[in-house]
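The values are calculated or read from the model by the stated rules, or taken from the named source; none is laboratory data. None of the values given here were measured: they were computed from a predicted structure. Virtual Cβ from ideal backbone geometry, glycine too; neighbours counted across all protein chains shown. Note: areas computed on protein heavy atoms with side chains; ligands, DNA, RNA excluded. Shrake-Rupley method; radii C 1.70, N 1.55, O 1.52, S 1.80 Å.
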Protein chains: 2
Amino acid sequence: MNISTLCLGILALGEASGYEIRKRFEGPFRHMHEPSFGSIYPALAKLTRDGMVSCTVHSQEKRPSKKVYSITPAGRLALRQELESALPGPDRIRSDFLVTMLFSDILSPDFIDAAVTERIAFYNELGAVLQSNECGGNAGREFVRGYGMAVCRAAVEYLETVQRSTQDRETLTAA
Amino acid sequence: MNISTLCLGILALGEASGYEIRKRFEGPFRHMHEPSFGSIYPALAKLTRDGMVSCTVHSQEKRPSKKVYSITPAGRLALRQELESALPGPDRIRSDFLVTMLFSDILSPDFIDAAVTERIAFYNELGAVLQSNECGGNAGREFVRGYGMAVCRAAVEYLETVQRSTQDRETLTAA
DNA sequence: GCAACCTGTATCGGGCTGCTATATGGCCCC
DNA sequence: GGGGCCATATAGCAGCCCGATACAGGTTGC
């Protein structure tokens, strides 16, 4: 799965500009992928060259004009073939947080505590964003939303349990 | 957080070869990072050049000889400074599975069902690997293990709930 | 007997991220 | 009122990283 396929998929749900595609992965989809502008714009250019999408320039008042892309029938076909060509592979994860925690023995307890506290706040916020995003309509969107919420909840629960047990230990040591 | 820092951290837990570093991220750590050989070997070469690690060749009978790397005092200092220089940023996730599910409306129900079933099996297996890995000793390792297990459990629960409700709907439709 | 797989190191192409540039307008604060 | 910062919008580039490949010998399995 490359960024071209990802863009094609988003455009299958409705036309959008490169900027708008990126924005969709900041709100309620940011737990599944976060493509950068540096990969989205070249991907759209290539898709246009290959006839998978068509592009029309929309002039806007008081804003820069934007290029709105629409998926073509050829694009829709290619998208289905690409997605169904194989079962999705395992998620690629790079968690700086978990790496930091893995080496917690050589770091200061205050730093570790701050990292955990920040992470709890982060997942609480993400959970709230997912919950408030009613979105409706599309079953796929609902699934992704529900998945994100389930994982967020589990992460917060685990982090809070660990934090409480750490605090208890400190209280005991102090006493 | 780059691969150099990651390697330095692993070496802070004990000396290892490039191959062994990779292996550690296949078993119980594969939910946090999966660095490739193509990034590990250049990283180790650079760390050696910079005096962060030292390298000795171990000849082995009936096996290729290997280069075993050890962290130096300078490396230990640099690792702490690097890790404590900022709180860890958000996880970078690329989930082909969630992307596929997002576009489930335009894919065949059989394919979606197969993808969900496969994913349940995957997380069940990962959960089992994490559980069986007693590891002990290091608090960081315990934390990462517990986190992985919590997330796995939540994912499986959610996926199974969705799958059951889909089956119920099919039963209703058939009746 | 030979195919398939494991240990082990290393390189290379290409994909992607993060940063920067560029242009324009709105908002806040001093 | 002007300086700084943020949002919209597109685009290019350096550098990091992944996946594939090469190479070499050993072991397991049929």
- Query: Which three lengths, in whole Å and largest first, does segment A:96-174 cover when its Cα atoms are put on their principal axes?
  - Reply: 54, 24, 14
- Task: Could you state the angle between the C-alpha long axis of helix A:37-49 and the longest principal axis of the C-alpha atoms of chain A, as a value from 0 to 90 degrees rounded to the nearest 10?
- Result: 20
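May I ask for the net charge around B:Leu83, where only other residues with Cβ less than 12 Å from the Cβ of B:Leu83 are counted and Lys, Arg are +1 while Asp, Glu are -1? Working shown, then result.
Details: positive: B:Arg76, B:Arg80; negative: A:Asp96, A:Asp105, B:Glu82, B:Glu84.
Every neighbour counted, the sum reads -2.
Kirkwood-based Rg over Rh for chain B (C-alpha set), two decimals?
When Rh is taken as the Kirkwood radius, the ratio is 1.10.
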- Output row for B:Lys62: copy-to-copy label distances, label 7 Å along Cα→C-beta, ascending, in nanometres, one decimal, is 7.9
- Message: Which one, A:Leu172, A:Ala139, A:Phe122, is farthest towards the positive end of the dipole of chain A when Lys and Arg carry +1 and Asp and Glu -1 on their Cβ?
- Response: A:Ala139
- Find the sum over both chains of the accessible area lost when B and A are paired, probe 1.4 Å, and report it in Å² to the nearest 100. 6300
- Query: Roughly how many Å is it from the Cα centre of segment B:102-175 to that of segment A:122-175, as a whole number?
  - Reply: 17
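Run the helix sum for chain B: -39,500 (n - 2.57) per DSSP H stretch of 4+ residues, divided by residue count, reported at 222 nm to the nearest 500 deg cm²/dmol.
Values: 7 runs with 109 residues, N = 175.
After summing the helix terms and dividing by residue count, I get -20500 deg cm²/dmol.
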- Item | Cβ-vector label at 7 Å, A:Lys46, separations to other copies in nm | 2.5
- For the rotation that superimposes chain A on chain B, which residue of A has the C-beta lying nearest to the axis, and at what distance in Å? A:Ala154, 2
- Note on the structure: To the nearest 10 degrees, the tilt of helix A:3-12 (Cα long axis) against the first principal axis of the alpha carbons of chain A is 70
- Under the definition of Cα pairs under 8 Å and six or more residues apart, what whole-number percent is the relative contact order of segment A:13-68? 33
- ³J(HN,Hα), Karplus 6.51/-1.76/1.60, whole Hz, each residue of segment A:168-175, x for Gly, Pro: 4, 5, 5, 4, 4, 4, 5, 7
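Ignoring any ligand, DNA or RNA, what whole percent of the accessible area of the protein assembly as shown comes from carbon and sulfur when the probe is 1.4 angstrom?
Working: 9600 of 17930 Å².
Within the protein assembly as shown, the accessible surface is 54 percent carbon and sulfur.
Divide the volume of the convex hull of the Cα atoms of the protein assembly as shown by its number of residues and quote the answer in cubic angstrom per residue. Could the numbers behind the result be given before it?
Details: hull volume 72.8 nm³, N = 350.
It is 208 Å³ per residue.
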